[in-house]
Amino acid sequence: LQVSSDLFTRGIDVQAVNVVINFDFPKMAETYLHRIGRSGRFGHLGIAINLITYEDRFNLHRIEQELGTEIKPIPKVIDPSLYVAKPVCND
């Protein structure tokens, strides 16, 4: 689990992050991509959860437009493989 802010947008390479929570929703698409790109790396699945305020709705819409995608609400049921870490064996 990683709770993300702009401190984690660049230069920090954490492996096996399966959940990223954007506590303070980014204002720029590039920042959003760098944050959520921390989940599901190195062959793992992952999920990004965005905490959105009323004021964030404009940035959300603009980022969706810039990235050509829809940032969807969290579904009622989430596949556990997206957030349950698999054991790492260092043998």
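Around the amide H of ASN50, modelled in the peptide plane, lie the amide H atoms of ASN22, all under 5 Å away and 5 or more residues distant in sequence or on another chain.
Taking each residue as 0.36 nm, the span from ARG57 to ALA29 lengthens on full extension beyond its C-alpha to C-alpha distance by 8.7 nm.
Translational diffusion coefficient of the stretch 19-82 (Stokes-Einstein, Kirkwood radius from Cα pairs, 20 °C, 1.002 mPa s): 172 µm²/s.
Among 20-33, 46-59, 66-79, the peptide with the highest mean count of other Cβ atoms within 10 Å heads the list, and the full ranking is 20-33, 46-59, 66-79.
Throughout, read-outs are computed from the coordinates displayed, never taken from laboratory work. Only a predicted model underlies this, so the values are computations on that prediction, with no experimental measurement involved. We place every Cβ from the backbone using ideal geometry, glycine too, and count neighbours over all the protein chains shown.
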